[in-house]
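What follows is calculated from the coordinates using simple rules that are stated; it is not laboratory data. Keep in mind it's a predicted model, so treat the numbers as computed, not measured. Virtual Cβ from ideal backbone geometry, glycine too; neighbours counted across all protein chains shown.
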Amino acid sequence: MIRVGLVEDKSFLLRAISEKLSFFEDLKLKHTATNGLEIIELLKDDHNVDVILMDIQMPVMDGIEATKVIKEKYPQIMVIMLTVFDDEQYILKSIQAGANGYLLKDEAAESLHDGIIEILNGGAPMTPSIAFKALKLLREPIAFPKANIEKPDFELTPRESDVLLQLSKGFNYNEIANNLFISPATVRKHIENIYRKLQVRNKIEALNLAREERLI
């Protein structure tokens, strides 16, 4: 039995893709989530999953960021981007985040099943149009424009940066304390300082800003 996770923020698509998976007796839908952070939280309780089908554009945490976190923490889990986007930037960023395959949502149920089997056999399933663009990217790498804007210096201490990195991997306060050999109270104080320096109100805002500014 192949255990599958499905991450999709649109309820009608979540139902449609779930129905496609239900056609196959060798697939078991283990987790469903509506954003990247939600699937990460589910995996903390049970990461006994073989493949995750991951949407890209979602609220709270998008699929590319979620893939990066999942592949760092659970490298054994295969991730297939399942999306409507065949834009080169999304393809490149997904591959860089660690995605193992890239399929479009309008794939037939059989093609989706074949892709899951292929990825577990060491392959890298891609919709033909995606594969063509991926090859083009290898031949002609694209350069994303960089704004000539000086980035702010958030002045995080090395320990605050360590705590922020631990947060990005989905660890809770107690786990961070154990990993860094400090007390949970000290972790909490560091996180308060991080929020103040980044001028954010919660963990989601902190992590989104940290990734945007390449602090982690």
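Straight-line reach from Lys20: taking Cα to Cα under 28 Å and skipping same-chain neighbours fewer than 8 places apart, the lysines in range are Lys10, Lys28, Lys30, Lys44, Lys68, Lys71, Lys93, Lys105, Lys133. Stokes-Einstein, applied to the Kirkwood radius of segment 1-77 over Cα pairs at a viscosity of 1.306 mPa s and 10 °C, places its translational diffusion at 128 µm² s⁻¹.
Counting only Cβ charges, +1 for Lys and Arg and -1 for Asp and Glu, the dipole size of segment 158-212 around its Cα centre is about 120 debye.
Taking other Cβ atoms within 10 Å as a rough exposure proxy, Asp50, Asp62, Asp55 sort from fewest to most as Asp50, Asp62, Asp55. Overall, the chain carries a charge dipole of about 620 debye about its Cα centre when +1 sits on the Cβ of Lys and Arg and -1 on the Cβ of Asp and Glu, all other atoms neutral.
What do you get when you divide the Cα radius of gyration of segment 158-212 by 2.2 N^0.38 Å, with N the number of residues?
Segment 158-212 yields a ratio of 1.01.
Relative to the globular-protein estimate of 2.2 N^0.38 Å, the Cα radius of gyration of segment 2-139 stands at 0.94. Backbone amide hydrogens, once placed in the peptide plane, bring His31 within less than 5 Å of Val4, Gly5, Leu6, excluding anything fewer than 5 places away on its chain.
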